[in-house]
Structures are given as structure tokens and as C-alpha cells.
1. Can we say residue 39 is over 18 Å from residue 177 (Cβ atoms), crowded, with 16+ Cβ neighbours inside 10 Å and not aromatic (Phe, Trp, Tyr)?
2. Are any of the residues in segment 181-193 part of a helix (DSSP H, G or I), charged (D, E, K, R), touching a Pro at 6+ places or on another chain (Cβ under 9 Å) and at negative phi?
3. Only one residue in 48, 22, 57 is open to solvent by less than 20 Å² (accessible area, probe 1.4 Å) and either modelled with pLDDT of 95 or more or of a type outside the set (A, V, I, L, M) (or both), so which one is that?
4. Within the set of pairs 6+ apart or on separate chains, which have a first residue in segment 142-169 that is among the polar types (S, T, N, Q), a second that is open to solvent by less than 50 Å² (accessible area, probe 1.4 Å), and C-beta atoms under 6 Å apart?
5. Of all residues in segment 128-147, how many are open to solvent by 10 Å² or more (accessible area, probe 1.4 Å) and within 15 Å of residue 4 (Cα to Cα)?
6. Would you tally the residues in segment 166-178 being under 16 Å from residue 34 (Cβ atoms) and buried (at least 19 other Cβ atoms within 10 Å of the Cβ)?
7. Take segment 73-94 and flag every residue that is open to solvent by 40 Å² or more (accessible area, probe 1.4 Å) and either without any contact (Cβ under 8 Å) to a residue 12 or more places away in the chain or hydrophobic (A, V, I, L, M, F, W, C) (or both).
Amino acid sequence: MRIVPRWALLSSGCAPVLLIAGWTIAAALEGPGYDPLTRTISVLAAYGAPGYWVMNGALAALGVCHLLTAWGLRAAANAGRLALGGGGVAAFVVVALPAPSSGGSLRHGTATVIGFTLLAVWPVLAAWGGGAAPWALRPGPAVAASALMAVGGVWFMIEMQRQGAAGLAERVVTSMQSVWPFVVVTSCLARSGSRSRRRDEQPAGHP
């Protein structure tokens, strides 16, 4: 298994922290009229919003984190690394094409859907079989992670249609997507650490 650099812990661990801090601060700047349970993150990043720069800065930082993690996650299959990096690029596109202050935006919506899709499928694409794989890169956990993200996406769409708790659904699924790279990196480092300990414990002259 190819070694994952320890700095990937920082890039992957910062992703959910920056995202959640961004929408928390931007919502506070928006004031009491903003309901995070029903209103989406895009509202916070829209032109003219009080927290415009905060939310878009957090999304750009999230994109950087995903790109760095994809680069360092050498233990994952290349298709998954490309999908994770593509999700990072999609975050930059979302920043470049923010939602308008009122109404919808096809370009913004398309970039958001592409980003969500890439981040939802990357766990499955990154997985590889065999007992030597870190647990988060095994097919079972990877499929479960992608399935949960897909279910979260469906939940979000339903809430959008019924004008319900779309903000809550979006925050749950984006939180899952931002945390999973950290879970994968942690499992890779734990696996490589256990292999190193086993080698150190082998008696001298053991093959």
C-alpha cells in the first residue's frame, strides 16, 4: 500500500471545520431573519448577502482542501482521487458562479449538482478489494458512505420541492461529504502504522 503523507490529515481535517465555520459565521452575519433549517447555504453565498465573502471564502478553502487531500491520498484508487479532486474544482466553480440575490441560477445549480455527484461517488471509485486495504477503502464501507450521501441528496431534493427543511438536509449531506476524506486518510494512516508496528515486532532474521 502506498503511504499517505501525514499532512493529508490537516487538509482533510480542515475541510469540515472550514465549511461549518463558514456557514455558521455567514448565518450570524445574515441576522435572525435567516433560518438555517429551511434556507440553503447558497443564500449565504449569494450576491449582496452580508456573509458573501465569508461563505464563498469557506467554499474556496474547501476546494483547496479536497484538491490537496486527493493529491496526498495515494492509497486510494486513482479514479476516486480524480473524483475527489473534481469535487474540489467544482467548489471553485460554485464560488465563481454564485446564486443571485433572488431567484435561481441554472449555472450555479449545475455546478452544485456536479460537485455533489463527484463527492458522492468518490468513496466507491476510491475503493479497492483485499484485506490489505484500509477499512475505509474497502468496498463495504465505501458503498455505505456513497449510499448515505445519495440518500442525503434525495432528502435534500424532496425538502426543496416541499419547501421544508432544505437547509438542514443540505448541511447534513455536505457535512458527510466533507468528513469522509478525513475518515479515509485516518484509516490509511492507522493501517500503515499497524503494519509498521508488526514489522518492528518481528524477530531479527524473520522474513
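1. The answer is yes for residue 39.
2. The answer is yes; a qualifying residue exists.
3. So the residue among 48, 22, 57 that is open to solvent by less than 20 Å² (accessible area, probe 1.4 Å) and either modelled with pLDDT of 95 or more or of a type outside the set (A, V, I, L, M) (or both) is 22.
4. Final answer for the pair search is 146/120; 146/123.
5. 2
6. 4
7. If the condition is that a residue be open to solvent by 40 Å² or more (accessible area, probe 1.4 Å) and either without any contact (Cβ under 8 Å) to a residue 12 or more places away in the chain or hydrophobic (A, V, I, L, M, F, W, C) (or both), then 78, 79, 82, 89, 92, 93 are the ones that fit.
To keep it simple, each residue is scored yes or no on (1) modelled with pLDDT of 95 or more; (2) of a type in the set (Val, Ile, Thr).
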position	(1), (2)
104	no, no
123	yes, no
131	no, no
169	yes, no
183	yes, yes
192	no, no
197	no, no
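The values are calculated or read from the model by the stated rules, or taken from the named source; none is laboratory data. Because the structure is a prediction, the values reported are computed rather than measured. Using ideal geometry, Cβ is built from the backbone for each residue, glycine included, and neighbour counts are taken over all protein chains shown. Just so you know, the surface numbers come from the protein's heavy atoms only, side chains and all, with ligands and any DNA or RNA stripped out. Shrake-Rupley method; radii C 1.70, N 1.55, O 1.52, S 1.80 Å.
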